[in-house]
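As structure tokens, the structure follows; a few thoughts come after it.
The values are calculated or read from the model by the stated rules, or taken from the named source; none is laboratory data. All values reported here derive from a predicted model rather than from experimental measurement. Here Cβ is always computed from backbone atoms with ideal geometry, including for glycine, and neighbour counts include all displayed protein chains.
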Amino acid sequence: MVFSSHIFLFYFLPAALLLYYLVPRRAKHAVLTIVSYSFYGWANPLFVFLLLFSTVVDYFCGLVMVFRGFKWHGPIALLEKDIPRERIQRVALIVSICTNLGLLGFFKYFNFGVENMNAIAEWLDMPWLRLDLAFKVTLPLGISFYTFQSMSYSIDVYRGKAKALKNFIDFACYVSMFPQLVAGPIIRFSEVADQLIRRSLTVQKFARGVAFISLGLTKKILLANPCGKIAEVAFEATFLMPGDAWYGVTAYAFQIYFDFSAYTDMAIGLGLMLGFVFPKNFNSPYLSESITDFWQRWHISLSSWLRDYLYIPLGGNRKGLARTYANLTIVMLLGGLWHGASWNFVIWGGIHGLLLGFERLCGKTSLYHRLPRALRIGATFLIVLFTWVFFRAPDVHSALNYIGSMLGMISVPENAALVGGILYKPYYVGTFCITAAITWFGIQTWDWTRTINIRKAVIIIILFALSIVVLTTQAFNPFIYFIF
């Protein structure tokens, strides 16, 4: 079930909100948990057991970390021996991390590992090394998000930055909240710990939540989906003229930004309607003036998670320049692999890691930092476009061919111009231009919805109605980050 669907907007959401508002405060978390598990199990009920397993493990690990009464009764020893509390905490943390990473590793990377093992066997001409398995592992929705979210709880409790929850329903509610369950943003426990205890349901929050949902739906249906069709045609074409290739990858840059930020807007809006305030996840990333700036604006919940739970524990920038660059590269390689089991994602992350390291070498600035601001933004966007090719293309070979088309390095037959008949339909070109204007000159949803007046309310209603009308005619309606 996706947010941009009639069944969610007109059936699931009204029923969920009605139940949530009707029950007394002490039962709200239980109702929200049941609703969230129903939402998650809609596509495949079996995935619910993975979510529940991860939740149970981290809940008990959190309790173990704060429990003080552990003693070991040896089978022969007559005297009780206290177990050092630090050791118990460390073991609980290791269990939590290994469980979550184990689930993520198996379900996300098992098929990838088998494919690479078979490729190596073929390259070495050793057929006995092949793993000819009769099954493939299905990737559960949102596993990359809820495992990271659940791990943040265990790590924060271990570090003493959060108090362990005694009530299992409260913790299950935190992990499974349907607004951000399957595609983020990654909500850390510390960001909602107090809200789980007390929060307010106000008309202002509800109104802003409706605005977030409406504008998110607008970005998704009216902007991201048409740009996605342009990108799909371009990336699936056998040959492309250079101009068409640039048009296609730029459309994909718009698609992935408006698609993911739309989902985030709707998640934030749903949270507000439930009384929760989730943090901002995007800050006009295509206005970045360097790659360092880009990662402070793009998918903020992931980049900050990687910084606080991976980069800093690895040593951050505290152990010399060489170690700093190595840490940046490792974090971005793993960040790329987090997005998907493909060498394309590893390359994408590796390029960003190298660029971040190079900019740190230059004092956290780019080589073009002396250029006027508009040119700095343009140069950064240009670099990001090249990296998006690896993110979008199905494999490395296709990505290199696409870049070759962008640079005019591939011989193109005359009939390649026919692709333009699809790419440059007035509807697609018009949407592309509007999307570009909003990208660089528009106001962010977060800022625009701070106050809701009559004029804004009318705009919101019109955009929502228009989005619903267009939604009924669109067959192309994916959320990109659902596959991560």
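Does region 234-253 hold any residues that are assigned to a loop (DSSP other than H, G, I, E, B) and buried (at least 17 other Cβ atoms within 10 Å of the Cβ), and which are they?
Residues satisfying the conditions are Ala237, Phe239, Leu240, Met241.
Give just the number: which of (1) crowded, with 22+ Cβ neighbours inside 10 Å; (2) over 13 Å from Tyr59 (Cβ atoms); (3) assigned by TED's automatic domain parsing to the domain that holds Val114; (4) of a type in the set (A, V, I, L, M, F, W, C) does Leu129 not satisfy?
Of the numbered conditions (1) crowded, with 22+ Cβ neighbours inside 10 Å; (2) over 13 Å from Tyr59 (Cβ atoms); (3) assigned by TED's automatic domain parsing to the domain that holds Val114; (4) of a type in the set (A, V, I, L, M, F, W, C), the odd one out for Leu129 is (1).
Condition test on Thr365, is it in contact with a helix residue (DSSP H, G or I) (Cβ under 6 Å, 6 or more places away or on another chain) and closer than 19 Å to Ser284 by Cα?
Judged against the criteria, Thr365 is not a match.
Across region 311-329, what is the number of residues that are surrounded by fewer than 17 Cβ atoms within 10 Å (Cβ to Cβ) and not small (Gly, Ala, Ser)?
Residues flagged as surrounded by fewer than 17 Cβ atoms within 10 Å (Cβ to Cβ) and not small (Gly, Ala, Ser) within region 311-329 amount to 8.
Mind counting the residues in region 270-290 that are within 23 Å of Thr380 (Cα to Cα) and not in a helix (DSSP H, G or I)?
Result for region 270-290: 8.
Checking the conditions here, which among Val192, Val182, Val210 is buried (at least 24 other Cβ atoms within 10 Å of the Cβ) and either under 20 Å from Pro279 (Cβ atoms) or free of Cβ contacts under 8 Å to residues at least 60 places away in the same chain (or both)?
Val182
Considering only residues that are buried (at least 19 other Cβ atoms within 10 Å of the Cβ), closer than 18 Å to Ile169 by Cβ and not hydroxyl-bearing (Ser, Thr, Tyr), look in region 1-57 and name the one that is farthest from the chain's Cα centre (by Cα).
Result: Lys28.
When residues of region 16-37 are filtered for being in a helix (DSSP H, G or I) and without any contact (Cβ under 8 Å) to a residue 12 or more places away in the chain, how many remain?
7
Just checking, which of Ser176, Ser154, Ser190 is touching a Cys at 6+ places or on another chain (Cβ under 9 Å) and of a type outside the set (Val, Ile, Thr)?
Ser154
Out of the residues in region 379-399 meeting the condition of being modelled with pLDDT under 95 and surrounded by fewer than 15 Cβ atoms within 10 Å (Cβ to Cβ), tell me which one is nearest to Leu354 (Cα to Cα).
Result: Val396.
Filter region 191-208 for residues that are more than 19 Å from Ala267 (Cβ to Cβ) and not in a loop (DSSP other than H, G, I, E, B) and give the result.
Residues satisfying the conditions are Asp194, Ile197, Val203.
Taking Ala393 as the residue in question, decide whether it is within 26 Å of the chain's Cα centre (by Cα) and within 30 Å of Gly102 (Cα to Cα).
yes
Can you tell which of Ile434, Ile459, Ile480 is surrounded by 12 or more Cβ atoms within 10 Å (Cβ to Cβ) and modelled with pLDDT under 90?
Ile480
Checking Ala267 against (1) assigned to a loop (DSSP other than H, G, I, E, B); (2) touching a Pro at 6+ places or on another chain (Cβ under 8 Å), which single condition isn't satisfied?
Status for Ala267: all satisfied but (1).
Of all the residues that make up region 159-172, how many are touching a Leu at 6+ places or on another chain (Cβ under 6 Å), modelled with pLDDT under 90 and assigned to a helix (DSSP H, G or I)?
Here the count works out to 0.
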